[in-house]
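Coordinate-derived values only; no laboratory data. Note that the structure is a prediction, hence the values are computed from the model and not measured. Cβ coordinates were reconstructed from backbone atoms using ideal geometry, including for glycine residues, and neighbour counts include every protein chain displayed.
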C-alpha cells in the first residue's frame, strides 16, 4: 500500500525551493496512492491538486484546503462524492472514469458555491436515465457538465418535472447498489480462495464442483498437444491467459486485482534480473587497448584544431541535466565522461596534456566541450631488448671489480665526444691580445711576442 509521504511531496516542490508549506500546486499522479492524507495539513495554500490515475477509493482529508480551486481525481476507485464542503474556493472537479454510482451524492456539492465545472464521464451514474437533468437541477451554480456548457434554457427544462426524475434516479440507484453488494461479496469469496462452479455456486474446492472432471480432461488434452512445453511453463502461460481473457465486471475490486497482478509480475521479473549476473563492462582490455564506449548514446563531434594545436571533443549532453551529474577524466590517449553512471569513452587521435585540458558546458545547448592541448612529442613505450654477450673475454681486473661490487663508470657515446678548448676557459679582453700570462712563469717562445718581451735562453721551454 502506497501512502503520501513528506519526501514524495517535497520532491515535487523543486520549483518552490523544496518548501511545501507555501506550495500552490502539487502533482501526485500515477503513484499508486491508495489513500489521501497529510495534504490538508502540509500544504494549506494549495490551489491545484493532481491525484489522477491512482487507487484512491474515497475522498477524504481535504476539508482544510480553503484555497483549493482545481481537484483532479480522474481514474481512481471513488464511488461516492463526499467531504468537499470545506473546499470553499473549489471551481473545477474532475472525477472522470471512477465508480460513482450513487448519483444523489452530487447534492453534497451544493455548498461549493464557486463550482463551475464538473466531469463525471465514465462513471456508472452517467448511464442512469435523467442523469444530466438531475445534476443540472441539483447544482444551480454549475456552468459546465462533462465538457458541455449548460445553457439557460436547459436549466429551466431541468427544473421542470424534477420530482419524477428524482424518483427514477432513486430506483436505478437502488438497483445499482444491490448489484454492487453482490460484486463485493463475490470479490470477498474469491479473495478467501473460493471458486465459482459452472452451476453458479461457490466452492472451496473446485474439484467438488459439477463438470470438474470435464475441465480436468480438457486441461490434459491441452498438455498432450504441447509435449515440448514444460508443465511449469504451461501452467504460468495458462494462468496468465486465463487472468486476462476471463470476463469480469469493471469494479474497483477488479481494478485492484489487475494492479496487484501486474505488481507481482514486475517483482518476479526484477528477481530474475538480479539472479542473472551482469556482464562486466570492458573499458580497457587486458593488453592495454582502450575501447570506444558510448553507453548514454549521445551525439558527439571530435575535431583537431591545427591553429591552436588542440583536440576538441563536443559531446551533446542533455540540455536540462544538472552539471553535478557529469564526471570528466582526461588521459594522454583517451577521454572518459561519466553521465549519470553511464560511461562515454573516446580514443584521441593524438597525445594530449591532461593538466592543461579544460571542460566547459554551453548555457544554451547544454553541450559539454573538452579542449585538450596536444603534447609536443608522442609518448611511446618501447620494449627493452637484452644485448648479446661480448665475444672477447673480460680482463681479470674487471672480474675483480664485479666480485667486489665496485661501481663501473659508464662512458658516453664516443661519436658525441667533443674536445675541450682550454684556451677559452678564461675570456680575453681583446681578440688581438696574445696568450694569457701565468704569474711566475716565462712566456712561451713565439714569433708574435708582446712588447717588452725578453727571451731568456737559460729557461727551458714549457712544451
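Among (1) assigned to a loop (DSSP other than H, G, I, E, B); (2) over 30 Å from residue 136 (Cα atoms); (3) without any contact (Cβ under 8 Å) to a residue 24 or more places away in the chain; (4) under 28 Å from the mean Cα position of the chain (by Cα), where does residue 56 come up short?
It is condition (2) that residue 56 fails.
Scan segment 344-361 residue by residue and report those that are surrounded by fewer than 16 Cβ atoms within 10 Å (Cβ to Cβ) and touching a strand residue (DSSP E or B) at 6+ places or on another chain (Cβ under 7 Å).
Result: 347, 349, 350, 353, 354, 356, 358, 360, 361.
When residues of segment 89-141 are filtered for being in contact with a helix residue (DSSP H, G or I) (Cβ under 9 Å, 6 or more places away or on another chain) and in a strand (DSSP E or B), how many remain?
Residues flagged as in contact with a helix residue (DSSP H, G or I) (Cβ under 9 Å, 6 or more places away or on another chain) and in a strand (DSSP E or B) within segment 89-141 amount to 2.
Among the residues of segment 142-156, count how many are touching a helix residue (DSSP H, G or I) at 6+ places or on another chain (Cβ under 9 Å) and loosely packed, with under 11 Cβ neighbours inside 10 Å.
Going through segment 142-156 one residue at a time, the tally reaches 1.
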